[in-house]
């Protein structure tokens with residue numbers, strides 16, 4: 001039995017009360033709306049802590065949905081989400097009817113299909129019932145439903161002392177409206193519309209009395225619209241019309257992206273699903289395209305997640321980075337606000353809608369408790385310019401980039417020791433503010449918690465990379481003096497970092513320095529991300545890489561967050577022994593930076609093989625860190641987000657790392673540094689790789705000793721440089 005999150009630092013953690021990965025959940029998302037169904041297309045009414053439902057703007061607008069024929073659950077034939085993540089399709093048949101009595105309809109006589117998709121804050125469903133028997137059939141089809149209007153944080157496990165008021169249901173000939181007025185005085189309505197109108201209507205169900213001729217088909221359309229406030233209901237649209245619009249939006253997102261094909265059907269399936277997941281997570285905002293973090297728990301704007309996602313997807317979709325930069329620039333903190341852990345220049349951690357956020361019952365309405373998003377914002381800006389050569393966007397965003405750099409200098413270093421630390425100001429904010437933000441994620445070798453302010457090793461690397469990238473951007477804009485200051489800061493930091501964080505006995509870097517400047521001498525994956533930023537001295541890189549791939553860190557499926565030798569290691573924990581695909585991908589890119597390609601290929605092969613056991617070939621947010629067992633796949637983490645944005649970009653980073661590929665749009669050049677491919681991949685084809693204002697098509701072939709690289713198409717002045 002999972003304990004409730006009673007302690008202050010646990011209040012907003014996700015309770016493991018409903019498994020997403022093991023229940024065969026099916027997920028859809030569009031804009032600010034997402035849905036979690038079971039394999040039958042139903043929403044099981046498991047109470048407030050069941051994750052299934054239809055959600056919009058932080059609230060659950062549908063908490064139960066059930067389809068039955070003559071009161072019976074239908075045997076499942078198939079259940080899948082399409083390759084583009086637009087439509088969820090379920091095929092079922094009837095059981096023997098009635099059960100236990102004189103048989104009237106043999107099983108398998110009736111076929112029932114359900115097609116669902118999301119568009120403009122509504123779930124659209126088409127139900128088709130076909131009689132394949134030789135005789136007509138009369139049968140009842142019932143659709144039951146409920147709406148609890150729970151805040152997503154209630155569903156996650158946060159308790160509330162009070163809630164708003166439910167309204168009496170409103171019934172018409174073809175609709176049922178369920179409504180709730182929250183304590184925030186916002187009216188939320190769930191409008192269920194049925195076409196054709198059902199014969200029987202009730203506040204919690206409708207009933208169709210169907211007559212099916214031999215070989216005949218009946219079709220029912222159900223629309224569940226999520227409505228906020230006092231506005232009029234949205235104008236109705238046909239199922240096919242709405243579906244065409246939903247598919248068009250995703251095609252528009254992908255229109256200018258590069259495409260990737262290989263000699264491996266399994267690898268192509270992984271790439272296809274990953275890109276579809278990434279596009280599904282993208283939401284159009286006034287600032288541009290922005291990837292929400294993950295469904296169901298993090299379907300909202302997160303700073304760190306979006307930056308890492310945009311960095312990873314840069315070579316496939318550089319436009320995404322521009323949207324992320326503009327969104328984060330627009331939401332950058334401009335004043336001190338201790339309740340939100342905000343200081344001038346800081347980049348937002350999380351933005352939440354919903355009743356609890358509006359009331360301040362959770363601190364995340366606009367929350368800045370992230371120590372790494374601000375330097376990573378500068379890293380992304382520099383990477384975006386390097387890839388695209390888009391100096392106009394950098395000039396537009398330079399005031400926000402400069403404010404982010406000033407935050408590092410003025411507010412990031414809490415005690416003046418030259419390192420960027422965190423220590424929460426909000427009594428309700430996150431205790432730990434790196435990417436591993438569980439309350440127990442930072443600790444000493446004896447297992448005791450580290451007391452702040454805390455300087456994480458990987459954060460110093462991000463700051464190093466931010467200073468280097470900021471210097472290049474300052475030069476671009478003609479500020480040579482600022483560039484010199486930033487480069488000098490970076491070099492001082494690199495030297496001080498190695499002196500303070502390197503631990504010979506760990507053969508790597510300490511996880512962190514605590515408030516007393518004591519190193520947390522713990523073997524973790526955090527040290528691996530230091531390779532990604534380039535702060536690691538070249539002479540340290542191979543020893544660190546070997547340590548990361550040793551048996552206590554590498555499970556066979558990937559690099560664990562914490563070594564099996566550590567006191568707090570637990571393969572089922574969120575951050576202390578689990579395996580995160582995005583973490584492995586960033587480490588792999590760092591390994592490639594130091595030309596450690598054998599290590600890169602081990603990580604890439606492990607992640608690729610893990611997808612063979614993943615439903616829909618979708619890598620989840622994380623999985624458990626148990627050692628690999630013959631014939632078995634990785635053990636899933638029960639409440640992991642799936643899909644999740646930065647997990648979706650994992651194969652993109654891994655392929656970039658293996659190829660040693662970097663794009664310089666300012667010079668019109670693509671560089672390949674000692675490219676390598678794993679045994680599963682003989683050939684890779686990359687088309688429409690954008691390089692500044694031009695683009696290029698490339699074919700790569702694996703040979704026994706190296707990888708052959710050939711240009712198959714070129715638009716504009718683009719060249720390739722390959723270092724063997």
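The values are calculated or read from the model by the stated rules, or taken from the named source; none is laboratory data. All of these numbers come straight from a predicted model, not from anything done at the bench. Neighbour counts run over all protein chains shown; Cβ positions are idealised from the backbone, glycine included.
A few comments on the model shown:
- Filter pass, residue 393 being assigned to a helix (DSSP H, G or I) and either assigned by TED's automatic domain parsing to the domain that holds residue 686 or touching a strand residue (DSSP E or B) at 6+ places or on another chain (Cβ under 9 Å) (or both): no
- Extreme residue, modelled with the lowest pLDDT, among residues of the range 614-654 that are in a helix (DSSP H, G or I) and either touching a strand residue (DSSP E or B) at 6+ places or on another chain (Cβ under 7 Å) or assigned by TED's automatic domain parsing to the domain that holds residue 719 (or both): 616
- Some residue of the range 198-205 being closer than 22 Å to residue 104 by Cβ, in a strand (DSSP E or B), in the same structural domain as residue 115 (by TED's automatic domain parsing) and without any contact (Cβ under 8 Å) to a residue 12 or more places away in the chain: yes
- If the condition is being in a helix (DSSP H, G or I) and either in contact (Cβ under 8 Å) with a residue 60 or more places away in the chain or not assigned by TED's automatic domain parsing to the domain that holds residue 438 (or both), then the range 543-582 contributes 581, 582.
- Qualifying residue in the range 490-509 (condition: part of a helix (DSSP H, G or I), out of contact with any strand residue (DSSP E or B) (no Cβ under 6 Å at 6 or more places or on another chain) and within 23 Å of residue 581 (Cα to Cα)): no
- Residue within the range 235-242 that is surrounded by 20 or more Cβ atoms within 10 Å (Cβ to Cβ), more than 26 Å from the chain's Cα centre (by Cα) and not assigned by TED's automatic domain parsing to the domain that holds residue 677 present: no
- Qualifying residue in the range 432-444 (condition: assigned by TED's automatic domain parsing to the domain that holds residue 490, at pLDDT below 95, buried (at least 21 other Cβ atoms within 10 Å of the Cβ) and over 20 Å from the mean Cα position of the chain (by Cα)): no
- Qualifying position, being more than 18 Å from residue 458 (Cβ to Cβ) and crowded, with 23+ Cβ neighbours inside 10 Å, among 613, 532, 623: 623
- So residue 660, is it touching a strand residue (DSSP E or B) at 6+ places or on another chain (Cβ under 8 Å) and either modelled with pLDDT of 95 or more or surrounded by fewer than 24 Cβ atoms within 10 Å (Cβ to Cβ) (or both): yes
- Identity of the residue in the range 271-299, in a strand (DSSP E or B) and in contact (Cβ under 8 Å) with a residue 60 or more places away in the chain, that ends up surrounded by the most Cβ atoms within 10 Å (Cβ to Cβ): 291
One line per residue, one yes/no per condition, for (1) at negative phi; (2) within 35 Å of the chain's Cα centre (by Cα):
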| residue | (1), (2) |
| --- | --- |
| 112 | yes, yes |
| 116 | yes, yes |
| 120 | no, yes |
| 128 | yes, yes |
| 140 | yes, no |
| 146 | yes, yes |
| 159 | yes, yes |
| 168 | yes, no |
| 177 | yes, yes |
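- Some residue of the range 525-533 being more than 22 Å from residue 659 (Cα to Cα), part of a loop (DSSP other than H, G, I, E, B) and at pLDDT 95 or above: yes
- Checking residue 703 against (1) in the same structural domain as residue 581 (by TED's automatic domain parsing); (2) under 19 Å from residue 595 (Cα atoms), the condition it does not meet: (1)
- Condition check for residue 482: more than 19 Å from residue 381 (Cα to Cα), in the same structural domain as residue 603 (by TED's automatic domain parsing) and more than 25 Å from the chain's Cα centre (by Cα): no
- The residue that is farthest from residue 364 (Cα to Cα), among those in the range 164-176 that are out of contact with any helix residue (DSSP H, G or I) (no Cβ under 9 Å at 6 or more places or on another chain) and in a loop (DSSP other than H, G, I, E, B), is 173.
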